[in-house]
Amino acid sequence: MLRAYASSDVRRAEGELVAAAPQDALMKQAADGVAAAVSDQLTLLGATVHGSTVLALVGGGDNGGDALYAAKYLADSGAKVQALLVSTKAHPRALAAAKKAGVDILDAARLTKRSQLRALVAEAANKAGVWVDGIVGTGGSGPLRGTAATVVGQLVSLRDSSPDEPVVVAVDVPSGLGGEDGKVAGPHLTADVTVTMGAMKNPALLPPACNSFGSIEVVELGPVEAPVSACRLTAADVADLWKVPGRADHKYTRGVVEVVAGSDSYPATGIICARAAARTGAGMVRVNIPAAASASLFAVLPEAVPVSGRSQAVVVGPGLDPKDEGRVDEMVRAATKAILRSLPVVVDAGGISIIDRILARLPERAESMGSSPVRRVRKFAPNVVLTPHAGEAAQLATRLGFSEASGGVARSDIEAAPAKWAGLLAEKTGATVLLKGAVSVVCGPEGDTFTQAEAPGWTATAGAGDALAGILGAVLAMEQAQAEADGHSLSASETAAGAAAGTWVHSIAARLAAGLGAGPELGRKKKVGHPILASDIVQQIPAAIELALR
Ligand SMILES: NC(=O)C1=CN([C@@H]2O[C@H](COP(=O)(O)OP(=O)(O)OC[C@H]3O[C@@H](n4cnc5c(N)ncnc54)[C@H](OP(=O)(O)O)[C@@H]3O)[C@@H](O)[C@H]2O)[C@@H](O)CC1
Ligand SMILES: Nc1ncnc2c1ncn2[C@@H]1O[C@H](COP(=O)(O)OP(=O)(O)O)[C@@H](O)[C@H]1O
């Protein structure tokens, strides 16, 4: 499991370690990790450190110190290294060490004319095959400013227009992306690899900032005793959570899912959802879909059972047209009945627009917030999972009374800080919120946060969300069946982890369907894959699960 912490917590832990260690010892350790990452990147390109040209971008704090010591180590190994100082306050001991090792120092911070600065940056950047970004790390505040902003802005356009893109190795965090909520507030250099110190910080896992980190390597500096603020599941975590059926199992112990999907406008949506639930390994899939789609469903999923009955999880909403009153009623009833029996419920797509009607049928409960008086509210339990995409999340947030500068909440507000919004929606509704996107974010009402970034862009195709809803139904039914057997109820953490595991399976199935490998590829020549249908994702679900379990 990848874990990220608040930068302030890591800085505090780091401060204690720095105080206890010999002067610059941790900085040298960090720099060693940066130099090793540069060497690995060059190896992937078929080159060596010896004879390569490296440009270190150096800010005025300890992040710049890391970059300068890394510059020294690379020069010691035979690289031609230049260090571009973008601050007048470069770390003095690291600067002296770099100079002594033969690093060519370019003092950009003292140039008064913009044209001189641009010429210096262009010349240095164009001849370097590797850029080491050590301008600002966790000591940064707000978007880059001054010389740092000018230099980074220029480097972004040089990189975009260069036929031989340089490799960018970021020190700790790509400069300018240190914000705790994952927001991207200004210019920054997207890294191929980020060498992070001590532990991952929030922006490394939170979208959209996390999209600019490249692969992440952690240089362990010592223990970090702090609460985890965001996690990302890996294959091994999915395997730990998955229940492989044994000799004592039968279909009810594996989990039965009820799928209530489709309306007159979108009759066939339930087919993808039900097939996805079945392929994820539900013991049984009960279906309630419009009569017009029944024959098609049973042609491709004869195993589906068309009657309601005992189940361990319910999915409502895929293919719901909110104007179809009959189907709205059926979905509200199915969801309410399951919630009142404490079963997990996935509310997807059109279902998001009817949650007020579901909530209205639930009993009020007492809620106290800190010292404020107890109030009566209608909220979901954490085992209800809402799965909006950014547009649906914006509508939901607006209906719930949130507002941004523009009035309500716009899709762009959600996309600028998905984890913040998923958290707010979870807190307000009491449900677990899975906010879908290129990086999907799961937030539980008790603070659990997962981000999963495995899905390829090809996943953005009609019906992919229906497949995800079916997978989630099956995973939650599996977890619920296990919880029933163990005599406890599904906790907020288990629900959030289950939703993240379902997202992992969906994303890996999409990767396999698109002809991509299961994991991120190293090196420059990455496969791009090919278009897929949502049905192709469904087809690959068993292979994705097998990949986790082997
Ligand atoms: N402690 C240690 O020994 C170890 C620390 N480690 C490393 O230290 C890093 C933290 O170092 P740090 O605390 O010095 O802060 P850092 O990120 O370098 O930034 C400070 C500089 O940035 C500037 N600046 C700020 N905001 C800005 C903006 N928006 N736009 C432009 N400039 C901006 C600010 O300028 P000022 O505001 O003072 O003008 C100041 O010059 C951490 O990420 C890790 O890499 C590792 O080596 C392990 C050992
Ligand atoms: N750019 C992207 N890269 C990767 N995955 C994406 C991207 N955009 C959307 N997705 C994923 O595709 C799926 C789309 O779901 P949704 O929008 O509900 O589609 P539909 O309603 O047509 O089924 C979600 O799982 C989402 O996370």
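The values are calculated or read from the model by the stated rules, or taken from the named source; none is laboratory data. Quantities reported herein were computed from a predicted structural model and do not represent experimental measurements. When we count neighbours, we look across all protein chains shown, and the Cβ atoms used for this are built from the backbone with ideal geometry, even at glycine.
Structure data summary
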read-out	value
Boolean, GLY60 is surrounded by fewer than 24 Cβ atoms within 10 Å (Cβ to Cβ) and not basic (Lys, Arg)	yes
Any hit, region 200-222, residues being under 18 Å from LEU2 (Cβ atoms), of a type in the set (Asp, Glu) and part of a loop (DSSP other than H, G, I, E, B)	yes
Some residue of region 506-513 being among the basic types (Lys, Arg) and buried (at least 16 other Cβ atoms within 10 Å of the Cβ)	yes
Which listed residue is modelled with pLDDT under 95 and either over 18 Å from LEU549 (Cα atoms) or not in a helix (DSSP H, G or I) (or both), from GLU494, GLU521	GLU521
Of all residues in region 434-471 being part of a helix (DSSP H, G or I) and within 13 Å of ILE272 (Cβ to Cβ), the one that is nearest to ligand 2 (Cβ to nearest atom)	GLY465
Condition met for GLY351 (out of contact with any helix residue (DSSP H, G or I) (no Cβ under 9 Å at 6 or more places or on another chain) and closer than 30 Å to GLN480 by Cα)	no
Exclusive hit being surrounded by 15 or more Cβ atoms within 10 Å (Cβ to Cβ), assigned by the TED database to the domain that holds LEU44 and charged (D, E, K, R), set LYS183, LYS127, LYS113	LYS183
Residue within region 401-409 that is more than 28 Å from TYR252 (Cα to Cα) and in contact (Cβ under 8 Å) with a residue 40 or more places away in the chain present	no
Pairs where the first residue, in region 131-151, is on the phi < 0 side of the Ramachandran plot and touching a residue at least 12 places away in the same chain (Cβ under 8 Å) and the second is among the charged types (D, E, K, R) and in a loop (DSSP other than H, G, I, E, B), C-beta under 8 Å, 6+ apart	GLY137/ASP172; THR138/ASP172
Strands (runs of 3 or more DSSP E) wholly inside region 104-178 that include at least 3 residues being away from ligand 2 (no atom under 16 Å from the Cβ), among the β-branched types (Val, Ile, Thr) and in contact with a strand residue (DSSP E or B) (Cβ under 6 Å, 6 or more places away or on another chain)	167-171
Within region 15-30, considering residues that are within 21 Å of PRO92 (Cβ to Cβ) and in contact with a helix residue (DSSP H, G or I) (Cβ under 7 Å, 6 or more places away or on another chain), the one farthest from ligand 2 (Cβ to nearest atom)	ASP24
Which listed residue, of ALA417, ALA405, ALA397, is surrounded by fewer than 23 Cβ atoms within 10 Å (Cβ to Cβ), closer than 20 Å to ASN211 by Cβ and away from ligand 2 (no atom under 16 Å from the Cβ)	ALA417
Test for ALA474: is it in the same structural domain as TRP242 (by the TED database), closer than 30 Å to VAL38 by Cα and touching a Ser or Thr at 6+ places or on another chain (Cβ under 6 Å)	no
Options ILE358, ILE354, ILE339; residue that is aliphatic (A, V, I, L, M), within 28 Å of the chain's Cα centre (by Cα) and either closer than 19 Å to ALA422 by Cβ or not in a loop (DSSP other than H, G, I, E, B) (or both)	ILE354
Number of positions in region 298-324 that are crowded, with 24+ Cβ neighbours inside 10 Å and farther than 13 Å from VAL257 by Cα	4
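Conditions (1) crowded, with 24+ Cβ neighbours inside 10 Å; (2) within 16 Å of ligand 1 (Cβ to nearest atom); (3) of a type in the set (D, E, K, R), marked per residue:
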{"site": "TRP421", "(1), (2), (3)": "yes, no, no"}
{"site": "ALA426", "(1), (2), (3)": "yes, no, no"}
{"site": "GLY430", "(1), (2), (3)": "no, no, no"}
{"site": "VAL433", "(1), (2), (3)": "yes, no, no"}
{"site": "SER440", "(1), (2), (3)": "yes, no, no"}
{"site": "GLU446", "(1), (2), (3)": "no, no, yes"}
{"site": "ALA455", "(1), (2), (3)": "yes, no, no"}
{"site": "LEU468", "(1), (2), (3)": "yes, no, no"}
